[in-house]
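The values are calculated or read from the model by the stated rules, or taken from the named source; none is laboratory data. Please read all numbers here as calculations on a predicted model, not as lab measurements. Virtual Cβ from ideal backbone geometry, glycine too; neighbours counted across all protein chains shown. Just so you know, the surface numbers come from the protein's heavy atoms only, side chains and all, with ligands and any DNA or RNA stripped out. Shrake-Rupley method; radii C 1.70, N 1.55, O 1.52, S 1.80 Å.
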Amino acid sequence: MKLNLNIQPLSTWITSGKEPLVIAGPCSAETEDQLVATAHLLAKTGKITALRAGIWKPRTRPGEFEGIGSIGLEWLKRAKEETGLPTAVEVATAKHVEEALAAGVDILWVGARSTANPFTVQEIADALKGTDVPVMVKNPVNPDLSLWIGALERINNAGITKLAAIHRGFSSYGNTTFRNDPMWDLAISLKTQVPELPIINDPSHITGNRDLIGYIAQKAFDLDMQGVMIESHIDPSVAWTDAKQQVTPAALSDLIDNLTLRKAEVKSSAVNDKLAELRGKIDKIDDLIIQKVAERMTIAEQIGKYKKDNNITILQVNRWEEILKKTTDYGKALKLDAEFTEKLLELVHTESIRRQGIILNEGQDKVEEKLTHA
């Protein structure tokens, strides 16, 4: 289902002409010299669209560095005056919005922790009413697409039409390769529902590791995201926050040079004709897949009736484990990713169980209805 948001094209509020779009700067504004010096080095590359800096930092535990505060806005203002770079900061309260706008900040963003709280987002949205400032909304910490969309809707309902989303990954339990799991499918779902919404990728927060930033940035552009937000510090080794995920301006310049930018569409008729031919083949295979799944479900229902007649349980773990091993092994032989095959099987198996459950419990709904009204 597509959403109807009133959004201006990205090109109407970021007009640097640079490609790709890169918003960069330190995780935290630490000192005036650190921020201004970093800004000058970034501007010197000629590849930066806007300067970002954390002024207020929401921290997990008290006692950690929570940002330099309002004085940092003056430093950001100086950096803008000296480099000409537009500026961007995170806001988490109505007071942050008021102070940032008063200091002439060009772009605001709502952080992941704020997005997760509709009350906080609404407070920010109310403070934005009557303004025309661009606002970017990070995905919530937890993988909840509805929360992300809800935050975008609240900001849009406040009259903000210069709107974008930031994909920064989602928290996951345990040790993983990334600091935050990209969960690309959620970002793709958002883009599908709101095709006109620009999505900016944040590879710094996804990876938590400067060595992987280029990899994630490339994948983001391959998925037709409109830009990246990357943390850059004049000397990451002494950064007060998130040192491991920040890069020097020089390293960022090299990273940008090594990105390959692709287009969502091309004008070449030969290329489009070939794509149409290949997509036609995929469409036919997709039709066959759906037909075969439907056939499988019909057989699953027949099995359900047989189980009911013979008082056999729906779930038989040994049978499921047998199917899982046999099919994943077969998938590997056909060069299919084992995790993909397992997820696909789980979806099919869950639907089969659901259908068999309906058959085994025919009439149960009437019993439950009687109990409800007893």
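What the table below lists for this structure:
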{"quantity": "SER70 farther than 24 Å from ASP235 by Cβ, open to solvent by less than 30 Å² (accessible area, probe 1.4 Å), of a type in the set (Ser, Thr, Tyr) and touching a helix residue (DSSP H, G or I) at 6+ places or on another chain (Cβ under 6 Å)", "calculated": "no"}
{"quantity": "Unique residue being in a helix (DSSP H, G or I), in contact (Cβ under 8 Å) with a residue 24 or more places away in the chain and open to solvent by 80 Å² or more (accessible area, probe 1.4 Å) when the list is ARG296, ARG319", "calculated": "ARG296"}
{"quantity": "Among the residues listed as ILE107, ILE55, the single one being surrounded by fewer than 23 Cβ atoms within 10 Å (Cβ to Cβ), in contact with a strand residue (DSSP E or B) (Cβ under 6 Å, 6 or more places away or on another chain) and either β-branched (Val, Ile, Thr) or touching a residue at least 60 places away in the same chain (Cβ under 8 Å) (or both)", "calculated": "ILE107"}
{"quantity": "Filter pass, ASP283 being open to solvent by 100 Å² or more (accessible area, probe 1.4 Å) and among the acidic types (Asp, Glu)", "calculated": "no"}
{"quantity": "Cβ pairs under 9 Å, 6+ apart, first in region 259-270 and assigned to a loop (DSSP other than H, G, I, E, B), second among the β-branched types (Val, Ile, Thr)", "calculated": "LEU259/VAL228"}
{"quantity": "ARG113 being within 26 Å of ASP242 (Cα to Cα) and basic (Lys, Arg)", "calculated": "yes"}
{"quantity": "Pairs where the first residue, in region 186-198, is under 10 Å from MET225 (Cβ atoms) and the second is open to solvent by 10 Å² or more (accessible area, probe 1.4 Å) and assigned to a helix (DSSP H, G or I), C-beta under 9 Å, 6+ apart", "calculated": "PRO198/LEU10"}
{"quantity": "Where a residue in region 342-359 is farther than 19 Å from LYS332 by Cα and its partner, wherever it lies, is open to solvent by 90 Å² or more (accessible area, probe 1.4 Å), with Cβ under 8 Å and at least six apart", "calculated": "SER352/ARG296; ILE353/LEU315; ILE359/LYS305"}
{"quantity": "Among residues of region 14-48, those that are within 21 Å of LEU197 (Cβ to Cβ) and open to solvent by less than 30 Å² (accessible area, probe 1.4 Å), counted", "calculated": "5"}
{"quantity": "Condition check for ILE149: surrounded by fewer than 21 Cβ atoms within 10 Å (Cβ to Cβ) and within 18 Å of LEU5 (Cβ to Cβ)", "calculated": "yes"}
{"quantity": "Residue among ALA125, ALA100 that is open to solvent by less than 30 Å² (accessible area, probe 1.4 Å) and either touching a helix residue (DSSP H, G or I) at 6+ places or on another chain (Cβ under 6 Å) or basic (Lys, Arg) (or both)", "calculated": "ALA125"}
